Amino acid sequence: MTAILSLIARLATTSGSLRSLQEGVVKEISERLPYYDWVGFYMLDPSDPEMLVLGPFVGDPTPHVRIPVTQGICGAAVASGKTIVVDDVNADPRYLSCSIRTKSEIVVPIHVHERVVGELDIDSRSPAAFTDADRLFLEEAARIVGDYIAGTSVGG
Ligand code: SME
């Protein structure tokens with residue numbers, strides 16, 4: 001995972017836009033970690049901070065293109081500002097289903113100047129797929145993306 005982080009850090013220095021960085025991140029992560037079956041970004045809508053909007057992703061199409069921050073594991077991660085790991089999605093009443101094959105999920109918020117601006121969402125077809133190593137890896141990836149946004153947004 002250290003090698004993937006180096007790759008993501010390099011992408012952050014070469015990407016001309018947030019979208020191209022995000023496309024690179026979801027591609028590299030999903031190709032290198034086979035138990036990451038769905039990898040995508042949800043970002044808060046700048047014109048409606050109560051709404052998450054689907055960004056670049058790799059995996060099956062999801063019906064959840066817009067998620068109110070009051071809903072889903074994705075919304076809960078925005079509300080808490082903390083990573084949420086769900087070992088068994090079917091046992092979590094907050095869970096919004098994307099694929100019936102999904103068994104576990106991790107959602108990692110992206111911060112810019114301590115405010116949540118979006119998140120990285122990963123689903124796995126394996127139960128309890130995400131360990132502390134996955135969490136630390138994804139939190140570092142989210143930090144790189146947050147720093148990229150902080151460095152490119154007008155007025156910081
Ligand atoms: N499972 C998420 C919804 C997004 S899909 O997994 C892609 C949730 O409960 O918020």
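A short reminder: the numbers here are calculations on the coordinates, not readings from a lab. Treat the numbers as computed from the prediction; the structure is a model and nothing was measured. With ideal geometry, Cβ positions are generated from the backbone for all residues, glycine too; neighbour counts draw on all protein chains shown.
For this structure, a couple of remarks:
- Residue in segment 66-73 that is among the aliphatic types (A, V, I, L, M), closer than 16 Å to SER97 by Cβ and touching a helix residue (DSSP H, G or I) at 6+ places or on another chain (Cβ under 8 Å) present: yes
- Entry remark, segment 21-34: residues being closer than 13 Å to GLY59 by Cβ and surrounded by 19 or more Cβ atoms within 10 Å (Cβ to Cβ) number 2 in total.
- Residue within segment 10-30 that is in contact with a strand residue (DSSP E or B) (Cβ under 6 Å, 6 or more places away or on another chain) and in a loop (DSSP other than H, G, I, E, B) present: no
- Condition check for ALA77: surrounded by 12 or more Cβ atoms within 10 Å (Cβ to Cβ) and either within 11 Å of the ligand (Cβ to nearest atom) or farther than 19 Å from ILE8 by Cα (or both): yes
- Some residue of segment 136-154 being free of Cβ contacts under 8 Å to residues at least 40 places away in the same chain and of a type in the set (Ser, Thr, Tyr): no
Residue-wise test of (1) surrounded by fewer than 18 Cβ atoms within 10 Å (Cβ to Cβ); (2) more than 10 Å from the ligand (Cβ to nearest atom); (3) under 13 Å from the mean Cα position of the chain (by Cα).
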| site | (1), (2), (3) |
| --- | --- |
| ARG10 | yes, yes, no |
| GLY16 | yes, yes, no |
| ARG19 | yes, yes, no |
| MET43 | no, yes, yes |
| SER47 | yes, yes, no |
| VAL53 | yes, yes, yes |
| PHE57 | no, no, yes |
| VAL65 | yes, no, no |
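- GLU140 vs. criteria out of contact with any strand residue (DSSP E or B) (no Cβ under 7 Å at 6 or more places or on another chain) and either under 19 Å from VAL25 (Cβ atoms) or in a strand (DSSP E or B) (or both): yes
- Hits in segment 13-34 - residues which are touching an Asp or Glu at 6+ places or on another chain (Cβ under 9 Å) and within 25 Å of VAL85 (Cβ to Cβ): SER30, LEU33
- Test: residue in segment 85-104 that is more than 10 Å from the ligand (Cβ to nearest atom), crowded, with 17+ Cβ neighbours inside 10 Å and without any contact (Cβ under 8 Å) to a residue 40 or more places away in the chain: yes
- In this structure, ALA150 qualifies as surrounded by fewer than 17 Cβ atoms within 10 Å (Cβ to Cβ) and closer than 21 Å to ILE8 by Cα.
- Residue within segment 123-137 that is under 20 Å from GLY24 (Cβ atoms), part of a helix (DSSP H, G or I) and among the acidic types (Asp, Glu) present: yes
- Residue within segment 105-118 that is within 13 Å of the ligand (Cβ to nearest atom), surrounded by fewer than 20 Cβ atoms within 10 Å (Cβ to Cβ) and among the aliphatic types (A, V, I, L, M) present: no
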